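Report on one structure; see the data block that follows.
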Amino acid sequence: QDIRNTVGNIPMEWYQDFPHIGYNLDGKKIYKPIRTKDELDMFLEKMENPDYWRTVQDKMTGADIKLTDEQVDLVHRLQKGQFGDVHFDPYEPAVDFFTHEVMIHPVTNRPADKRSFIPSLIEKEKVRARGSAVMAGEKHLEGGSCWARGTWQDRGGGAWVSRGPDPRPLRPQKLAWEQQEPAERKLNFVPQQYRCLRAVPAYSRFIHERFERCLDLYLCPRQRKMRVNVDPEDLIPKLPKPRDLQPFPTTQALVYRGHGSLVRCLSVSPSGQWLVSGSDDCTVRFWEVCTARCMKTLPVGGVVKSVAWNPNPTICLVAICVEQSVLLVNPCLGDKLLYGATDQLLESYVAPEEERVQPVQWVTATTEEHSRGVRLVVQHSKAVKQVTWHGKGDYFASVVSDNSNMQVLIHQSSKRWSQNPFRKSKGLVQCVLFHPIRPYFFVATQRYVRVYNLLKQELTKKLMTNCKWVSSMAIHPGGDNIICGSYDSKLAWFDLDLSTRPYQLLRHHKKALRSVAFHRHYPLFASGSDDGTVIVCHGMVYNDLLQNPLLVPVKVLKGHVLTLDLGVLDVLFHPTQPWVFSSGADGTVRLYT
């Protein structure tokens, strides 16, 4: 055995992409011999080298080895199926291991089986059956299915002789055959007996059956159906395991208690330290995320439909929808310089000389409201149901419960200026969103999502959700994918670069979806439903445009108690950590980590 290479008994293909082919006894690498020969050189060597046919390459060292005559003979013998050893004689006389002489002691002292000296019950039963048949005058012909009647007759004195077949017809068998249903008959004819083969008549139904066969061939379909043999396992999409997609929230960590009625909306500060919640008990509560402590309670005098924390980390401002107004509130939490600079920014506003006509009224808060944190009140003509901020923190949009062209309004807080971007109504607006990067504006109606370009002031796309009633909407931080939740238990994922129809429809929930959300940094999105659960999914969007997004549900989070047939009303991700907040009809806010 060649022990120059000490890698052991392993496939040498493992070293295919390495410059060395193993290690010697000193632990040093054995490098592959440099082969500079091309196909032409190999051909010339084959033609000129007389020993080319007996030259092989050693896989362990990579060197060329010329086989000796003994080795060539060994290969030839093995190819012919002979023994490798030349001196081995396969036809040598056999060795008599046991002597022909009778020994005193047996080779084995195994006792005989019990069945060797007990009469067989099976053979006894066969003998009894044959004897009974002989005594009854019948004999069963082995290998056939018919019986001969009266095979034996008594001549007296105990002598039995054979006689010919009974000429009597088989009437009982024919009667039983006629009483059976055609489908239950073992044979479609009654067996009959003839004295010789020349007396057998032609088959009476020959022409009828031949006609039915021709009719079947004439009426059979003239097409070949190829059967596709598909493994059922191949039809199941190959999804990664959830543990390979971590981190994502798995357990309930904190419960924020204090509201007296259902909690409709949530929002978190850009730093992730503070959380604001709005409830039907006419209050807005500010919480510390890590401790679940209520830092501040703000009574607003009405049902809170929506809250939104300003995404600009240099501005400490919260927009709150209460009945027909949008309140801009400074919660005065965290850094004093931060919320002090926010008040100075709002107080530095200078009213224009000419009064402009606006669809809303901007009202400065009274002294009592100012002491509670309210800075500005934007009064609308109808009830406001949603408010959302632009990514830079200066503009925000509001949705009014109206069927006219005044449903959506865009406001600028620094100039206290509001405008109506649409001249006519396209349907009942459910929610709106600003694009995180581009100057696009998303407007979701009951069945469609329209994408508008704010700079060009034109409609860019119209997305068909394939849902009966859209309830919520969220946009991916990259800006090329959005998800829509609906009241008919569907979640639609849209790839804006791919199509105007959903890339995938997810039906994980059993009841209506109330809210959907994306994480800013992690490939996660969540949905909250009236079935009381929050489903967290892995949604990876690749930079390669030819690769589709990967959508995998990873966790079902439970904890909320159903109240008045309502479950989870809002979901929201933490801005930096893989945590998710949920608010429910049971009056609690829950944090899952």
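The values are calculated or read from the model by the stated rules, or taken from the named source; none is laboratory data. Small disclaimer: the values here were computed from a predicted structure and weren't measured. Don't worry about glycine lacking a Cβ; one is built from the backbone with ideal geometry, like all the others, and counts go over all protein chains shown. We work out accessible area using only protein heavy atoms, side chains counted, and drop any ligands, DNA or RNA first. Shrake-Rupley method; radii C 1.70, N 1.55, O 1.52, S 1.80 Å.
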Subset of segment 103-159, residues at pLDDT 85 or above, outside any helix (DSSP H, G or I) and surrounded by 10 or more Cβ atoms within 10 Å (Cβ to Cβ), comes to S120
Turns out the strands (runs of 3 or more DSSP E) fully within segment 394-433 with at least 3 residues that are not aliphatic (A, V, I, L, M) are 395-400, 417-419
Going through segment 296-325 in order, the residues found to be among the hydroxyl-bearing types (S, T, Y) and closer than 26 Å to D402 by Cβ are S306, S325
**OP:** Confirm whether S277 is assigned to a loop (DSSP other than H, G, I, E, B), hydroxyl-bearing (S, T, Y) and either under 36 Å from the mean Cα position of the chain (by Cα) or at pLDDT below 90 (or both).
**Re:** no
message: Could you go through segment 42-50 and let me know if any residue there is of a type outside the set (D, E), under 30 Å from T6 (Cβ atoms) and free of Cβ contacts under 8 Å to residues at least 24 places away in the same chain.
response: no
Scanning segment 268-278 residue by residue, those touching a Ser or Thr at 6+ places or on another chain (Cβ under 8 Å) and within 17 Å of G373 (Cβ to Cβ) turn out to be L275, V276, S277, G278
Within segment 283-310, of all residues that are without any contact (Cβ under 8 Å) to a residue 40 or more places away in the chain and in a loop (DSSP other than H, G, I, E, B), the one surrounded by the most Cβ atoms within 10 Å (Cβ to Cβ) is V300
Scanning segment 9-45 residue by residue, those β-branched (V, I, T) and open to solvent by 100 Å² or more (accessible area, probe 1.4 Å) turn out to be I34, T36
Out of curiosity, is W53 open to solvent by 80 Å² or more (accessible area, probe 1.4 Å), modelled with pLDDT of 85 or more and farther than 24 Å from V75 by Cβ?
-> no
Counting only strands (runs of 3 or more DSSP E) entirely within segment 311-375, those with at least 2 residues that are touching a residue at least 24 places away in the same chain (Cβ under 8 Å) and in the same structural domain as F286 (by the TED database) are 318-322, 325-329
Residues of segment 61-83 being closer than 20 Å to K46 by Cα and in a loop (DSSP other than H, G, I, E, B), in sequence order, are G62, A63, L67, T68
